[in-house]
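Encoded as structure tokens, the structure appears first; notes follow it.
The values are calculated or read from the model by the stated rules, or taken from the named source; none is laboratory data. No experiment lies behind these values; they were computed from the predicted model shown. Because the Cβ atoms are built from the backbone with ideal geometry, glycine has one as well, and the counts that use them run over all protein chains shown.
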Ligand code: GAP
């Protein structure tokens, strides 16, 4: 059976432990905007880094970009966003709340039951103006997707990297959508981050690459620990395809509110390059050296949400286990994603113990993000680390002062092993890389 956790538990953990806070909370918060706290920012960073490593740095056929959020307004004419990036909006005639009509089940206001207006199209792009004078000519938009920055740089990338088809461009960055209905914590917000790939291929090979990326992206989530039962592929029906898409499939995750899109993989055909060539008057062709023909490449686009990934990884990692008379809350986060990799815990605050623990702490933090905690009982400290997903704890006790050994405790199994301090770094590295944890001491105490 797929596993579903309640959203309240995730929200509560995130606020309690400093993963995610409501934006501008001291002013009452700002609807659907969120701030990442000290642990959240590390988790998010680790997700982005894992994605960047996998899709850019470990491949020969990909390069990265970081393009600006504000783009020439013609971009949005060419892309179709100015005309077509709209949702149908209805308003309640009594309470004046606004709804997306395609989200509603009945014909009345879900809040007060009042009568609704006829739907009208509402463009989701945020408008602002550039320069000191606010006038029609100075209107620019906050990008609603990072994709367009990569399309308009296609020729720059070709000229400077001499890449040959098939190759791709990747980008991570903020996107903004004036969503009519938001909610479900960070699932749908008005300011969010995307991790997008635009993969350029020869027409005719697009189906093969579409299938390739579908599998590749699904495997990325699996490798980072998401349970296969909580993921599914959902091909789009013809009538729900975006205006640019020939084919699209979502990778859905079983979020607390049900199955919903985590990432979309689309075959965009030649729509984008052809449109930008037409509107800019610049050639965005590719010279096929085999056939000596100029072609417009097709684009396969795997587009993932960073915030939705954060939510999916948190939901999937969350567990409650009975432990003696208490409930142990823990995040089984993959070590690559865990905000803190190791916690160093001296058994007491005795001076000589603290000095030994601090020395180990100083050494380990050269390599990983490490936490030092000497407050309260050792059991409470283990629980605190479990709850934020720290894979390993190193306990320094009085015996350590004599035998130069410390205890490593595993978050998931709670098993412990004792190792010489001289071998600590190597052992931690091996365990963080997935070496199984057993209770057998690796070294005899002699
Ligand atoms: N360039 C294609 C594109 O933007 P999309 O399906 O509209 O496609 C891609 O968005 C991904 O961006 C989604 O799968 C989702 O993870 C994320 N996303 C979209 N709108 C979002 C929102 N309002 N809040 C959080 N994430 C969002």
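Look through segment 186-204, keep the residues that are more than 9 Å from the ligand (Cβ to nearest atom) and either assigned to a loop (DSSP other than H, G, I, E, B) or at positive phi (or both), and return whichever of them is surrounded by the fewest Cβ atoms within 10 Å (Cβ to Cβ).
My answer is 204.
Specify the residue that is modelled with the lowest pLDDT; the eligible residues are those in segment 149-185 that are within 26 Å of residue 23 (Cβ to Cβ) and outside any loop (DSSP other than H, G, I, E, B).
Among those residues, the one meeting the criterion is 183.
How about segment 332-352: which of its residues are modelled with pLDDT of 95 or more and over 17 Å from residue 380 (Cβ atoms)?
332, 333, 334, 335, 336, 337, 338, 339, 341, 342
In segment 284-305, what residues are out of contact with any helix residue (DSSP H, G or I) (no Cβ under 6 Å at 6 or more places or on another chain) and over 22 Å from residue 241 (Cβ atoms)?
285, 286, 287, 288, 289, 290, 291, 292, 293, 294, 295 - these are the residues of segment 284-305 that are out of contact with any helix residue (DSSP H, G or I) (no Cβ under 6 Å at 6 or more places or on another chain) and over 22 Å from residue 241 (Cβ atoms).
Pick from segment 80-131 the residues that are outside any loop (DSSP other than H, G, I, E, B) and over 34 Å from the mean Cα position of the chain (by Cα): which of them is nearest to residue 182 (Cα to Cα)?
92
For the structure I just gave you, tell me whether residue 207 is in a helix (DSSP H, G or I) and within 23 Å of residue 338 (Cα to Cα).
Taking the combined requirement at face value, the residue does not satisfy it.
Only one of 380, 350 is surrounded by fewer than 20 Cβ atoms within 10 Å (Cβ to Cβ), out of contact with any strand residue (DSSP E or B) (no Cβ under 9 Å at 6 or more places or on another chain) and over 24 Å from residue 17 (Cα atoms). Can you tell me which?
Sole residue among the options that is surrounded by fewer than 20 Cβ atoms within 10 Å (Cβ to Cβ), out of contact with any strand residue (DSSP E or B) (no Cβ under 9 Å at 6 or more places or on another chain) and over 24 Å from residue 17 (Cα atoms): 350.
Considering only segment 152-177, state which residues are within 12 Å of the ligand (Cβ to nearest atom) and under 20 Å from residue 244 (Cβ atoms).
If the condition is that a residue be within 12 Å of the ligand (Cβ to nearest atom) and under 20 Å from residue 244 (Cβ atoms), then 171, 173, 175, 176, 177 are the ones that fit.
Looking at segment 234-323, what strands (runs of 3 or more DSSP E) fall wholly within it and have at least 1 residues that are within 16 Å of the ligand (Cβ to nearest atom) and over 23 Å from residue 80 (Cβ atoms)?
247-255, 258-269
Take the residues of segment 135-151 that are touching a residue at least 24 places away in the same chain (Cβ under 8 Å) and more than 14 Å from residue 196 (Cβ to Cβ): which is farthest from the ligand (Cβ to nearest atom)?
Filtering first and then ranking leaves 139.
Is it fair to say residue 227 is buried (at least 21 other Cβ atoms within 10 Å of the Cβ), in contact (Cβ under 8 Å) with a residue 40 or more places away in the chain and away from the ligand (no atom under 11 Å from the Cβ)?
When the stated conditions are applied, residue 227 does not pass them.
Based on this model, can you work out whether residue 66 counts as in contact (Cβ under 8 Å) with a residue 60 or more places away in the chain, on the phi < 0 side of the Ramachandran plot and out of contact with any helix residue (DSSP H, G or I) (no Cβ under 7 Å at 6 or more places or on another chain)?
Yes: the conditions hold for residue 66.
If I filter segment 386-410 down to residues being surrounded by 20 or more Cβ atoms within 10 Å (Cβ to Cβ) and over 16 Å from residue 372 (Cα atoms), which single residue comes out as nearest to the chain's Cα centre (by Cα)?
Within segment 386-410, the match that is nearest to the chain's Cα centre (by Cα) is 405.
Only residues that are more than 30 Å from residue 332 (Cα to Cα) and in a helix (DSSP H, G or I): list them for segment 37-79, please.
Listed by number, the residues that qualify are 74, 75, 76, 77, 78, 79.
Within 14 Å of the ligand (Cβ to nearest atom), at positive phi and touching a residue at least 12 places away in the same chain (Cβ under 8 Å): is that true of residue 183 in this structure?
Yes.
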